[in-house]
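Inspection log for the structure reproduced underneath, given as structure tokens.
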Amino acid sequence: MNDISTWDIVRNLFDGAVWTLALSLTAFVFGGLAGLAILFARIAKHALPRRLALGYIEIFQGTPLLMQLFIIFFGGSLIGLEISPWIAAAIGLTLFTSAYLAEIWRGCVEAIPKGQWEASASLALSRFEQMRHVILPQALRIAIAPTVGFSVQVVKGTAVASIIGFVELTKTGSMLANATYQPFLVFGFVALGYFALCYPLSAYARTLERNLHGARSH
Amino acid sequence: MSYVFDFPAVFEHTDALLAGTGRTLALTAIGAVIGIALGIVGAVCRAWRLAPFDRLFAVYVELIRNTPFLVQLFFIFFGLPAIGVQMNEWQAAILAVIINLGAYSTEIIRAGIEATPKGQIEAAQSLALNRLQTFRHVVLPPALLKVWPALCSQVVIVMLGTSVCSQIAAEELTFAANFIQSRNFRAFETYFIVTAIYFLLAIGIRQLMMQIGRRLIARRP
Amino acid sequence: MALVRIDALHKHFGSNHVLKGIDLDIEEGQVIALIGRSGSGKSTLLRTINGLESFDEGCIEVDGERIHPHETDLRALRQKVGMVFQQFNLFPHLSAGQNVMLATRIVRKMPEAEARELAKAMLLKVGLQDKFDAFPDQLSGGQQQRVAIARALAMQPRVLLCDEITSALDPELVNEVLAVVKDLAAEGMTLIMVTHEMRFAREVGDKLVFMYQGRVHETGDPRDVFANPQTPELAAFIGAIQ
């Protein structure tokens, strides 16, 4: 067992981190698209889509990500689909991401003063046109910082996928810790790996937020 | 392929479900109380720039907020014994929850403290309150009240996150689910029911905490 | 012997010399109206008297309690000096009664029951005896300001500082606050008020202090001073506000 050098550990963890990154990007891109759809439902004129979107958001924000992954994993096999850990993790994290992003973006849309809706309505814009030309461009500006901030939660969330057997950074770490009997070193490196992925995003989100607030107060 | 759902198979293990629920709640409660207390200490150190603690808390907050809870848990449970810090799965789980929530609470409460209007502090000073009295009676209660919804959300997130403590064999709710489905071979039904329990816990904890906030901090009827 | 003595007081905000040697004696029971344009230093002067602003030279003495430049422990002074703010600054998480009781309980260490009785008496004094359990957000601006006055009075200060206490109020609420102040003056309370209510200053004030560019520019009996300003700056100021 002593033939696994520190360099081997780092190299293997790096390979795992690539999968963490791949899963994060997948979840973020597809979660963003799905989140946009849910956002539209959430702020729709009719009550039914609003309620459905609210229910969706509350369920995904009110249950553990791990349970969501288990249900997708085992639910798939119920209907005869052999779902790989990668697919289950990608679906689970996409749904999880979409719920949170929809809720974050709803907050941004609602932060736009009511006068903007009224003014654009008075110009005879349809609801979709109001969204497209007046509300979303303004909401987008304030949505960037919290969206980048949430991406950190997505990266961290991918660690849970290790539990259903997806081999990413955490799973690689667990395997290496068992193989090397050096859990302190290995999990220290794993934590550093996540920190290296997340900290720039956190710092960037903070800078964006500061700029936005600075711009607003002038 | 016509699968027949068998939810009663899950309820044959009601005792395991209840025990797991109780432990998840206990873990959350202990973590919330100590974690928020730690957050208050951290927030004071940060807001008052108490060297060197303000720097230490800043580093701590960044380390915790930028790494997954699961990795923190593994580091504590598997990593620390390697340097001589032994603990059982519950001690590790509780410690991990406290450390995790402490970091988030520090940031949340700090934001509340720093949003205190200057006039509030001047009013307290003009009434001859000292710095500690001002903090305890004038700054902290409204700050906590203001950020209480965010703290509630964070406690719920942490409660849901304790689900991964099953991975170090802490016998909480998810561990119970794993156990039950290994007995009844009804994985989907079991996880479905347990997910529903988590959902109810999330709603319940939020309600309870909002009540606590209203009663204890605002002292309003 | 004056109750409040201000001696050669200087203060700078960075390179800005805001108080340029203030000398002012205030006798017990006097009502002082501090007037002047914004930036004249009147609010800064008021705030130095209970230590919310530090000063660079000179000294302030209130009822034998002396403070020197850059002193940090001002609690003894503050127990003798009450303050009412433009923005009320009631504590939003406490009821009106709790706002009034807070300092007597934790600074004066008064027993709960006694503090409660005192708070009731103070609220009665400002005409809000039935609002003991109301929270600030349930009160009008005028009521909030009266609670703030009761809160300051509960500490039984020797002098009460009022910093534009009616400026944030809707016009129809100004009089209920001024009526309370007038009662206090009639009872012999020493008051130092920064105010824009010239009619009130003339009616209730014993001494008018006009500040101009960081100095006490002119003082005197309000009735004389208004009728007969001695300096062109005061004449201009009076002309501008009337």
Original post:
Hey, what do the phi angles of the range C:17-32 turn into as Karplus ³J(HN,Hα) couplings, whole Hz, using 6.51/-1.76/1.60 and θ = phi - 60°, x for Gly and Pro?
Top reply: 8, 8, 10, 10, x, 9, 10, 7, 10, 10, 7, 4, x, 6, 10, 9
Subject >> Neighbouring partner chain Cβ atoms per residue of C:96-105, average, 10 Å criterion >> reply: 2
Original post:
Could you work out the helix-only [θ] at 222 nm for chain A, with each DSSP H run of four or more residues adding -39,500 (n - 2.57) and the total divided by the number of residues, to the nearest 500 deg cm²/dmol?
Top reply: -27000 deg cm²/dmol
Original post:
For the cross-link pairs B:118/C:131; B:146/C:131; B:146/C:109; C:20/C:42; A:156/B:146; A:45/A:114, which exceed 19 Å when the distance is taken from alpha carbon to alpha carbon?
Top reply: B:118/C:131; B:146/C:131; B:146/C:109; A:156/B:146
**OP:** Determine the sum of side-chain charges near residue B:129: Lys and Arg each +1, Asp and Glu each -1, restricted to other residues whose C-beta is under 10 angstrom from that of residue B:129.
**Re:** +4
Subject >> Sequence of B:172, C:27 once ranked by neighbouring C-beta atoms within 10 Å, starting from the fewest >> reply: C:27, B:172
Original post:
Given charges of +1 on the Cβ of Lys and Arg and -1 on the Cβ of Asp and Glu, with all other atoms neutral, how large is the dipole of the protein assembly as shown about its Cα centre, in debye to the nearest 20?
Top reply: 660 debye
Subject >> the range C:4-241: antiparallel DSSP beta bridges as a percent of all, rounded to 5 >> reply: 55 percent
Subject >> Distance (nanometres) between label positions extended 7 Å along Cα→Cβ at residue C:134 and residue A:133 >> reply: 4.9 nm
Subject >> chain C: projected area of the alpha-carbon convex hull, averaged over directions, in nm² >> reply: 13.2 nm²
Subject >> Solution diffusion estimate, µm²/s, Stokes-Einstein, the range C:115-242, Kirkwood Rh from C-alpha pairs, 4 °C, viscosity 1.567 mPa s >> reply: 81 µm²/s
Subject >> Net +/- balance of residues flanking residue A:158 in space, Cβ distance below 11 Å, scoring K and R +1, D and E -1 >> reply: +1
**OP:** Excluding residues fewer than 8 places away in the same chain, name every one of the lysines whose C-alpha is closer than 22 Å to that of residue C:125.
**Re:** C:80, C:182
Subject >> Set of the range A:155-171 residues, backbone N closer than 19 Å to the point 7 Å along the Cα-Cβ line of residue A:6 >> reply: none
Original post:
aspartates and glutamates near residue C:207 by alpha-carbon distance under 16 Å, same-chain residues fewer than 8 away left out - which ones?
Top reply: C:23, C:25, C:27, C:28, C:197, C:218, C:221, C:224
**OP:** List the equivalent ellipsoid semi-axes of chain B in whole Å, largest first, each obtained as the square root of 5λ for an eigenvalue λ of the Cα gyration tensor.
**Re:** 39, 22, 12
Original post:
Given a Förster distance of 30 angstrom, what is the FRET efficiency for residue A:18 paired with residue B:18, based on the Cβ-Cβ distance and rounded to 0.05?
Top reply: 0.10
Original post:
Where a ≥ b ≥ c are the square roots of the eigenvalues of the C-alpha gyration tensor, would you call the range B:65-175 rounded, which needs a/c under 1.5, or, failing that, prolate if a/b is larger than b/c, or oblate?
Top reply: prolate
**OP:** Please sort by residue number the GluC sites (Glu not before Pro) in the range A:53-104 whose DSSP state is loop and whose Cβ has at most 13 other Cβ atoms within 10 Å.
**Re:** A:82
**OP:** Estimate the FRET efficiency between residue B:53 and residue C:76 by the formula 1/(1 + (r/R0)^6), using the beta-carbon distance for r and 30 Å for R0, to the nearest 0.05.
**Re:** 0.50
**OP:** Averaging over all projection directions, find the projected area of the Cα convex hull of the protein assembly as shown and quote it in nm² with one decimal place.
**Re:** 38.9 nm²
Original post:
For chain C, what is the relative contact order in percent, using Cα pairs closer than 8 Å and at least 6 residues apart in sequence?
Top reply: 26 percent
Original post:
Given the options A:97, A:63, A:158, which has the most mean-square fluctuation in a GNM of chain A, springs set between C-alpha atoms less than 10 angstrom apart?
Top reply: A:63
**OP:** Count charges around residue C:123 for me, please; just the other residues with Cβ under 9 Å from its Cβ, Lys/Arg as +1, Asp/Glu as -1.
**Re:** +3
**OP:** Find the relative contact order for the range B:17-217 and round it to a whole percent, using C-alpha pairs within less than 8 Å whose residues are 6+ positions apart.
**Re:** 29 percent
Original post:
In nm, to one decimal, how far is the modelled label at residue C:235 from the one at residue C:37, with both set 7 Å along Cα→Cβ?
Top reply: 1.7 nm
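Read-outs throughout are calculated quantities, based only on the coordinates presented, and are distinct from any laboratory measurement. Since the model is a prediction, treat every value here as computed from it, not as a measurement. Neighbour counts run over all protein chains shown; Cβ positions are idealised from the backbone, glycine included.
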